[in-house]
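Written out below as structure tokens is the structure these notes cover.
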Amino acid sequence: MIILGIESSCDETAAAIVENGSRICSSVVASQIDTHSKYGGVVPELASRMHIEAVDPVVHQAIEQAGITIDQIDGVAATRGPGLIGALLVGFSYGRAFAWARQLPFAGVNHLEAHIYSLLLLESVPQFPFIAMVVSGGHTNVYHVTSPQDFELMGRTRDDAAGEAFDKVAKMMGLGYPGGPVIEAMAKDGTPDAIQFPRSMLEQGSFDFSFSGLKSAVSRYLHLNPSLNKQEQSDVAAAFQAAVIDVLCQKLINAAKQKKCKHIGVAGGVSANQTFTTTLKARTKPHGIHIFSPPLSLCGDNAAMIAARGYTMIKNGDLCARDEDVYSRVKN
Ligand code: KG4
Ligand code: ZN
């Protein structure tokens with residue numbers, strides 16, 4: 001079964017062709033980062049307009065790169081949320097119209113479930129049940145995934161998402177948007193324990209996160225030390241990054257222990273952070289836990305993961321009615 005996936009929840013217009021939920025025939029991502037970086041973050045109205053311009057060419061590029069014809073597509077899947085509503089409407093409406101015109105089944109995909117499915121597109125996949133973390137600019141969610149359809153939300157951020165904290169700290173330091181990659185690069189020259197930033201673990205047994213205290217601590221530090229040299233800036237980046245990573249790793253290990261899972265998958269933009277995945281691997285190894293993380297091309301937003309999730313939904317008859325709203329059924 002050949003599925004066309006479409007993603008437009010934030011600042012990437014993406015389309016992909018995936019066969020039988022696992023073979024990526026093509027995956028095209030048109031990023032808007034250059035436009036939004038001028039404003040230090042995503043401007044929703046600009047994002048929607050750029051999706052409108054990009055969606056049709058990106059879909060046709062995906063079909064062409066897959067070496068198929070439109071008639072070979074068996075089903076369509078598009079992101080229905082969570083995300084920016086104007087941005088979502090573009091890909092969702094395009095996908096539903098495309099499916100309707102061709103009498104094809106159409107699935108409205110939850111973006112976070114799709115990030116978990118990026119782990120199922122790997123050569124070696126985690127075995128059910130496993131712990132999954134979707135860690136991105138908008139979310140820091142921990143799930144107990146017991147089947148391809150069952151995602152129990154164990155914890156989430158109560159304020160900023162981890163990626164958002166990276167972006168905001170980068171902004172405070174005048175490093176531009178998105179903050180994650182630049183902070184990670186800078187941190188390589190810094191000493192993580194040069195500064196002790198707080199690690200918020202919240203109540204005992206909680207799998208929730210809070211990064212606003214850490215963000216304020218960095219802000220205070222920068223305020224008290226206004227003229228840092230390059231080395232000192234790298235130390236701030238390294239110490240901040242270490243604080244985020246410590247909390248993410250500890251909560252993941254706690255979750256795996258509680259649910260007696262030996263497999264953990266991390267997905268979403270922040271899972272591109274090599275320091276995070278390397279640290280997580282080192283800290284979980286003594287517990288016999290195996291870590292799965294997608295290649296860079298599948299860490300950030302992409303449509304291959306949307307098509308993969310859409311494939312199981314279409315196979316199970318979990319289709320989107322013609323009159324369903326874009327955001328309906330999106331809870332987390
Ligand atoms: O999943 P994603 O592409 O978009 C959504 O938010 O859904 O994630 C983007 C986020 C941004 O906050 C960005 O700063 C962060 O992922 N990010 C990183 C890295 N690369 C991207 N954070 C830390 N280290 C990285 N290398
Ligand atoms: Zn995402």
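Listed values, structure above:
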| read-out | value |
| --- | --- |
| Residue check for residue 96: in contact with a helix residue (DSSP H, G or I) (Cβ under 8 Å, 6 or more places away or on another chain) and of a type in the set (D, E, K, R) | no |
| Lone unmet requirement of (1) within 14 Å of ligand 1 (Cβ to nearest atom); (2) surrounded by 24 or more Cβ atoms within 10 Å (Cβ to Cβ) for residue 308 | (1) |
| Residues (closer than 19 Å to residue 269 by Cβ, away from ligand 2 (no atom under 16 Å from the Cβ) and either over 25 Å from the mean Cα position of the chain (by Cα) or not basic (Lys, Arg) (or both)) located in the stretch 174-203 | 175, 176, 182, 183, 184, 185, 186, 187 |
| Residue match in the stretch 231-247 (condition: within 16 Å of residue 161 (Cα to Cα) and of a type in the set (Asp, Glu)) | yes |
| Boolean, residue 99 is away from ligand 2 (no atom under 15 Å from the Cβ) and assigned to a helix (DSSP H, G or I) | yes |
| Members of the stretch 249-275 found to be within 22 Å of residue 184 (Cβ to Cβ), away from ligand 2 (no atom under 16 Å from the Cβ) and not in a strand (DSSP E or B), listed by number | 249, 250, 251, 252, 253, 274, 275 |
| Selection within the stretch 124-140 - more than 16 Å from ligand 2 (Cβ to nearest atom) and either among the hydroxyl-bearing types (Ser, Thr, Tyr) or free of Cβ contacts under 8 Å to residues at least 12 places away in the same chain (or both) | 124 |
| Verdict on residue 155 being crowded, with 24+ Cβ neighbours inside 10 Å and either over 21 Å from residue 267 (Cβ atoms) or away from ligand 2 (no atom under 16 Å from the Cβ) (or both) | no |
| All positions within the stretch 229-261 that are aliphatic (A, V, I, L, M) and in contact with a strand residue (DSSP E or B) (Cβ under 6 Å, 6 or more places away or on another chain) | 252, 255, 256 |
| Test: residue in the stretch 63-72 that is buried (at least 18 other Cβ atoms within 10 Å of the Cβ) and either without any contact (Cβ under 8 Å) to a residue 12 or more places away in the chain or over 20 Å from residue 320 (Cα atoms) (or both) | yes |
| Close pairs (8 angstrom Cβ cut-off, 6 or more residues apart or separate chains): in contact (Cβ under 8 Å) with a residue 12 or more places away in the chain and at negative phi in the stretch 246-270, of a type in the set (S, T, N, Q) and assigned to a helix (DSSP H, G or I) anywhere | 249/279; 249/284; 252/284; 253/284; 256/284; 264/284; 266/277; 267/118 |
| Failed item, numbered, when residue 287 is tested on (1) away from ligand 1 (no atom under 13 Å from the Cβ); (2) in contact with a strand residue (DSSP E or B) (Cβ under 7 Å, 6 or more places away or on another chain) | (2) |
| Enumeration of residues in the stretch 26-39 that are surrounded by fewer than 19 Cβ atoms within 10 Å (Cβ to Cβ) and of a type outside the set (A, V, I, L, M) | 31, 34, 35, 37, 38, 39 |
| Residues being within 16 Å of ligand 1 (Cβ to nearest atom), within 23 Å of residue 210 (Cα to Cα) and crowded, with 24+ Cβ neighbours inside 10 Å - total across the stretch 114-139 | 8 |
| Extreme residue, farthest from residue 300 (Cα to Cα), among residues of the stretch 169-201 that are hydrophobic (A, V, I, L, M, F, W, C) and at pLDDT below 95 | 201 |
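Yes/no per residue for (1) under 16 Å from residue 114 (Cβ atoms); (2) assigned to a strand (DSSP E or B); (3) free of Cβ contacts under 8 Å to residues at least 40 places away in the same chain:
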{"position": "5", "(1), (2), (3)": "yes, yes, no"}
{"position": "13", "(1), (2), (3)": "yes, yes, no"}
{"position": "27", "(1), (2), (3)": "yes, yes, no"}
{"position": "47", "(1), (2), (3)": "no, no, no"}
{"position": "51", "(1), (2), (3)": "no, no, no"}
{"position": "60", "(1), (2), (3)": "no, no, yes"}
{"position": "77", "(1), (2), (3)": "yes, yes, no"}
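Here's the yes/no breakdown for (1) assigned to a helix (DSSP H, G or I); (2) free of Cβ contacts under 8 Å to residues at least 12 places away in the same chain:
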position: 87; (1), (2): yes, no
position: 103; (1), (2): no, yes
position: 114; (1), (2): yes, no
position: 119; (1), (2): yes, no
position: 151; (1), (2): no, no
position: 182; (1), (2): yes, no
position: 185; (1), (2): yes, yes
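The values are calculated or read from the model by the stated rules, or taken from the named source; none is laboratory data. From a predicted model like this one, the values you see are computed outputs, not experimental measurements. Note: ideal-geometry Cβ built from the backbone for every residue, glycine included; neighbour counts use all protein chains shown.
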